[in-house]
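The values are calculated or read from the model by the stated rules, or taken from the named source; none is laboratory data. In this text the structure is predicted, and so the values were computed from the model without any measurement. Here the Cβ positions follow ideal geometry from the backbone for every residue, glycine too, while neighbour counts run over all protein chains shown. Remember, those area values only see protein heavy atoms, side chains included, never the ligands or the DNA or RNA. Shrake-Rupley method; radii C 1.70, N 1.55, O 1.52, S 1.80 Å.
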Amino acid sequence: MNWLLRGGRVVDPASKLDAVQDVLVKDGKIARLGVGIPADNAKVLDVSGKVVAPGFIDMHVHLREPGREDEETMETGSAAAAAGGFTSIAVMPNTDPWNDSQSITEYIVSQAKARSTVNVFPIGCISKQGKGEELAEIGDMVKSGIVAVSDDGHPVSSSHLMRMALEYTRIFDLPVIDHCEERSLSHGGVMHEGYHSTVLGLRGVPSAAEEIMVARDLILAEMTGGRIHIAHLSTKKSMELVREAKAKGIRATCEVTPHHFALTDAAVADSGYDTNTKMNPPLREEEDRLALLSGIGDGTVDAIASDHAPHTPIEKELEFDQAPFGILGLETSVALSLDRLFHAGRVDLTRLVSLYTTGPARVLNLPRGTLAIGSMADITVLDLNRVMEVSVSAFRSKCRNAPYQGWKLKGAPILTLVGGRIVFDGRS
Amino acid sequence: MTPETGFRLRHKHLLGIEPLESEEIRLILDTAESFLEISTRPIKKVPTLRGRTIVNLFMEPSTRTRSSFEIAQKRLSADSLNLSSSSSSATKGESLIDTAKNLEAMAPDMIVLRHPAAGAAHLLARVCRSSIINAGDGAHEHPTQALLDAFTMRQKKGRIQGLEVAIVGDLLHSRVLRSNVFLLRKLGAKVRASGPPTLVPPGLDRLGVDVKTRIEEALEGADVVMMLRVQKERMVHGAFPSLREYFNLYGLTKARMKQAKHDAIVMHPGPMNRGVEIAAEVADGSTSVILDQVTNGVAVRMAVLYLLSGGAVGELAA
């Protein structure tokens with residue numbers, strides 16, 4: 001099927017384009033951009049008054065396959081992604097078994113091809129079984145399509161191993177994504193250490209647990225010339241460290257999650273210990289949240305990533321201490337960004353789109369994130385004025401663990417195309 | 001100021017002191033006064049809660065709190081059921097919510113919960129129809145302890161307002177500290193706290209607590225000295241090198257008590273580690289009100305049970 005997206009405001013940061021134009025999609029590729037393109041045999045999609053952007057990329061997703069299909073599957077995860085406006089997701093390797101070898105990578109790629117409606121880019125392990133001891137066979141996994149390595153969920157505690165990873169991945173120009181956490185400081189912690197953890201009597205995780213590892217990783221990246229990407233950066237000092245490192249020319253990038261820029265640790269108290277406010281890194285303080293907004297605004301932050309982490313109600317409906325870390329994010333990420341970043345005046349539309357397109361595409365070396373002629377017709381259409389009320393029971397995800405029930409957000413994805421196929425249609 | 005006749009608690013549950021208004025706290029303390037006398041009678045029983053069913057769900061070891069609740073329930077003629085973690089299905093992997101829902105199916109009126117996780121009582125309050133009484137949740141709150149502490153202070157000092165209260169020990173892990181801080185600040189007492197900096201949580205100053213690093217500074221001019229239990233596990237956690245050194249630096253001795261006012265009282269929520277946080281001669285000395293706290297605990301818990309059952313001032317059965 002060929003499509004003519006007519007009359008939308010086309011925002012493509014990669015081409016420095018922001019203008020009302022038509023987009024012609026032919027044979028799954030972007031065929032033409034311009035004003036007044038004739039439809040010919042293409043079906044017309046009227047997107048006047050809407051924003052047409054390159055397909056959005058979420059570079060930090062836990063798809064749970066293989067091993068935890070009770071939490072999420074290729075079908076449900078990709079449906080959630082498509083409904084959230086994403087055409088591509090990069091999936092973390094902490095599955096069961098971990099994605100630490102070529103055969104698992106191939107399994108994920110083949111399953112995604114058969115059952116996912118969006119593009120799935122696997123991330124391989126840094127170390128065998130994510131144990132943090134010896135390097136996984138990264139070269140083999142690269143052959144099968146991994147776009148980065150990470151032991152996400154586990155920090156890389158050994159500085160030696162992190163050095164090896166940063167040096168070894170230079171062969172493939174692959175980024176090393178680190179979940180920065182100094183475990184001897186965070187041990188037993190379930191929320192941010194501060195006033196609210198004191199009042200609630202919950203064990204705290206100090207900001208320093210993240211910052212020490214961010215500093216270590218940046219020092220090692222400078223020493224090795226490797227590429228470090230800081231996952232779910234959450235504190236003010238971490239942001240300062242990355243900003244300085246970038247200014248010095250260190251090959252460092254970072255991502256921020258919507259929950260860290262939209263919420264603070266006060267949410268744990270306000271919700272009366274709702275375990276949907278428990279994630280790792282934890283929700284931080286207001287000054288951290290403001291620092292994340294500054295980093296998003298000034299270009300220090302490369303990508304907004306959801307850290308979509310499905311957990312079943314059985315797992316989450318426990319005492320706060322015992323519930324697992326993590327919340328859903330695919331179906332609320334873009335709406336939260338439009339409401340809290342764009343409409344709040346923190347970023348303009350081009351910057352917002354780049355945080356979901358050119359930003360993550362550059363980090364992961366993906367040939368995606370642009371509407372340039374000849375590129376894959378991965379397209380995200382946004383309605384900047386649609387107000388959506390979050391209803392977790394309406395999620396496509398298999399799980400319901402999100403803290404946004406009832407939130408009214410202005411701006412939402414309404415149409416998603418992957419390779420020229422409509423995978424989500426939320427118009428009307 | 002005495003509440004008017006008919007004044008009731010505005011809460012269905014007692015999850016902590018933090019959500020209570022100061023007049024509600026006074027109501028509980030005043031009601032406890034009228035219950036105190038019952039325990040001195042030859043027949044220590046009134047029919048106030050006859051026909052009510054109360055479940056005591058204790059998922060963590062407890063001697064004092066548990067027996068105090070049980071005795072309070074018996075003296076009010078309530079029917080009570082006692083479950084502990086070893087006798088409950090928790091050992092078979094049943095979740096707290098499932099345990100509570102099953103108990104609820106037998107239609108109790110109240111559940112008294114002791115649990116090692118902060119927020120466990122909140123979790124039950126969300127899913128249960130019964131009134132939930134928090135009998136200690138992790139390091140969060142232990143509201144009936146703070147109420148009996150306040151009752152004892154009022155009994156011995158005649159007031160709470162303006163008292164200088166020193167709280168010393170493991171501040172980081174103490175639910176007794178938190179509940180006492182909320183209560184004492186609401187009723188106008190001044191609170192100083194002291195403990196090794198390794199056991200002081202952040203943000204206590206925002207709760208109106210004057211944190212002193214050295215115990216002597218905290219004790220100076222105090223009307224009330226409240227010692228908190230120090231657990232051996234904390235030493236393993238690395239917060240201090242030895243119990244001996246802890247006692248040398250933070251133990252309450254007769255000599256240190258001289259810093260406090262001459263008529264200062266000594267309190268401890270128990271269980272006590274003699275020779276760790278408190279010297280035996282102080283614990284057993286004339287200024288100690290530790291056993292009065294235990295006695296008052298029964299009256300305070302009777303008051304809480306009565307008020308949460310819908311009781312009001314001036315309606316007490318004789």
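Where does the protein assembly as shown land on Rg(C-alpha)/(2.2 N^0.38 Å)? If you can, show how the numbers build up before the last one.
Values: Rg = 30.1 Å, N = 746, 2.2 N^0.38 = 27.2 Å.
My calculation over the Cα atoms of the protein assembly as shown gives 1.11.
So what's the net charge close to A:F342: Lys and Arg +1, Asp and Glu -1, counting the other residues with Cβ under 10 Å from its Cβ? Could the numbers behind the result be given before it?
Numbers: positive: A:R340, A:R346, A:R351, A:K410; negative: A:D339, A:D348.
It works out to a net charge of +2.
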Report, in degrees rounded to the nearest 10, the 0 to 90 angle that the Cα long axis of helix A:207-224 makes with the longest principal axis of chain A. 70
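Going through the DSSP H helices of chain B, which span 20 Å or more along their own axis at the Cα atoms while scoring at least 0.0 as a mean Kyte-Doolittle hydropathy?
Values: long enough: B:22-36 (21 Å, 0.28); B:143-157 (21 Å, -0.66); B:290-308 (27 Å, 1.29).
Counting only whole DSSP H runs, the qualifying helices are B:22-36, B:290-308.
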Among the lysines, which have Cα under 21 Å from the Cα of A:K16 when same-chain residues fewer than 8 positions away are ignored? A:K29, A:K50
Under 19 Å from the Cα of B:K74, which lysines turn up, not counting those fewer than eight places away in the same chain? B:K44, B:K45
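Mind checking B:113-123 for the average number of partner chain beta-carbons within 10 Å of each residue's beta-carbon?
On the way: counts 0, 0, 2, 3, 10, 12, 13, 6, 2, 7, 9.
Counting Cβ atoms of other protein chains within 10 Å of each residue's Cβ and averaging gives 6.
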Take every DSSP beta bridge whose two residues both sit in chain B, then give the antiparallel share in percent to the nearest 5. 5
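Normalised by the residues of chain A, what does the relative contact order come to in percent, with Cα pairs under 8 Å and at least six apart?
Numbers: 1100 pairs, mean separation 86.6, N = 428.
Reported relative contact order: 20 percent.
Just want to confirm a number: the relative contact order over region A:134-281, from Cα pairs under 8 angstrom separated by 6+ residues, in percent. Can you show the working numbers first?
On the way: 224 pairs, mean separation 30.9, N = 148.
21 percent.
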For B:K212, which lysines qualify as cross-link partners when the Cα separation must be under 28 Å and same-chain residues fewer than eight apart are set aside? B:K156, B:K157, B:K186, B:K190, B:K232, B:K254, B:K258, B:K261
Which one of A:P403, A:P38, A:P54 has the biggest mean-square fluctuation once chain A is modelled by GNM with Cα springs under 10 Å? A:P38
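With a cap of 14 neighbouring Cβ atoms within 10 Å, and only residues DSSP puts in a loop, list the GluC sites (Glu not before Pro) found in region B:1-86. Provide the component values of the computation, followed by the final result.
Values: sites: B:E4, B:E21, B:E23, B:E24, B:E33, B:E37, B:E70; in loops: B:E4, B:E21.
Within region B:1-86, the qualifying GluC sites (Glu not before Pro) (loop, at most 14 other Cβ atoms within 10 Å) are B:E4, B:E21.
Find, among the GluC sites (Glu not before Pro) in region B:179-265, those assigned to loop by DSSP (not H, G, I, E, B) with at most 16 other beta-carbon atoms within 10 angstrom.
On the way: sites: B:E216, B:E217, B:E220, B:E233, B:E245; in loops: B:E220.
When the GluC sites (Glu not before Pro) of region B:179-265 are filtered for loop state and at most 16 Cβ neighbours within 10 Å, B:E220 remain.
Please give the average number of partner chain Cβ atoms lying within 10 Å of the Cβ of each residue in A:313-323, rounded to a whole number.
5
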Against the longest principal axis of chain A, how steep is helix A:74-83, in degrees 0 to 90 to the nearest 10, with axes from Cα atoms? 60
Connecting C-alpha atoms closer than 10 Å in a GNM of chain B, tell me which of B:V127, B:V168, B:V276 has the biggest fluctuation. B:V127
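Give me the percent of DSSP beta bridges within the protein assembly as shown that run antiparallel, rounded to the nearest 5.
On the way: 32 of 96 bridges.
DSSP beta bridges in the protein assembly as shown are roughly 35 percent antiparallel.
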Heavy atoms only, probe 1.4 Å: what % of the accessible area of region B:69-168 goes to carbon and sulfur, would you let me know? 47
For region A:98-157 the GluC sites (Glu not before Pro) that pass both the DSSP coil test and the at-most-13 other-Cβ-within-10 Å test are A:E133, A:E134
Describe numerically, in nm with one decimal, the distance between label points set 7 Å from Cα along Cα→Cβ at B:K156 and at B:S86. 3.3
Could you state the angle between the C-alpha long axis of helix A:236-247 and the longest principal axis of the C-alpha atoms of chain A, as a value from 0 to 90 degrees rounded to the nearest 10? 60
For chain A, with a Gaussian network of springs between Cα atoms less than 10 Å apart, report the residue from A:I212, A:I327, A:I296 with the top mean-square fluctuation. A:I212
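Is there a simple number for the mean count of other chain Cβ atoms within 10 Å of the Cβ of residues in A:189-198, and what is it?
If you average over the peptide's residues, the count of other-chain Cβ atoms is 4.
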